[in-house]
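Notes follow the structure.
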Amino acid sequence: MFNKSVFDGVIVCEAANAMANHIIHEFEIPRLDQLAPKLKVNSCFNDHQALRLWADRLCENYPTTDDFNIYDLEDLIQTARTRFLKLFS
């Protein structure tokens with residue numbers, strides 16, 4: 001689940017892509033250029049790419065085991081959602 005691939009022009013893991021997609025759809029985030037500074041990502045990336053890179057950083061800090069499963073992914077998505085909301089509160 002943490003193998004890297006290209007998603008939307010950036011190299012991130014599948015879990016980060018799933019996390020970013022969830023946030024993009026839930027909050028209806030357009031492909032603009034405003035989130036990168038807030039997410040502490042290089043400003044050359046659009047909002048969708050910045051979210052993927054930010055989520056990938058979260059994944060790198062997530063304790064994993066060999067039996068990573070869908071429940072762990074749901075936990076990651078909720079963690080990302082909570083942290084994303086805190087950035088804007």
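The values are calculated or read from the model by the stated rules, or taken from the named source; none is laboratory data. Since we're looking at a predicted model, the values are computed, not measured. Cβ sites come from the backbone with ideal geometry, for glycine too, and all protein chains shown count toward neighbours.
Values as computed for the structure displayed
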| quantity | calculated |
| --- | --- |
| Segment 19-50, residues that are part of a helix (DSSP H, G or I) and crowded, with 17+ Cβ neighbours inside 10 Å | Met19, Ala20, Asn21, His22, Ile23, Ile24, Ala36, Leu39, Asp47, His48, Gln49, Ala50 |
| When residues of segment 18-38 are limited to those that are more than 22 Å from Asn3 (Cα to Cα) and of a type in the set (A, V, I, L, M), the one farthest from the chain's Cα centre (by Cα) | Leu32 |
| Qualifying residues in segment 51-89 (those that are at pLDDT 90 or above and among the aliphatic types (A, V, I, L, M)) - the one surrounded by the most Cβ atoms within 10 Å (Cβ to Cβ) | Leu51 |
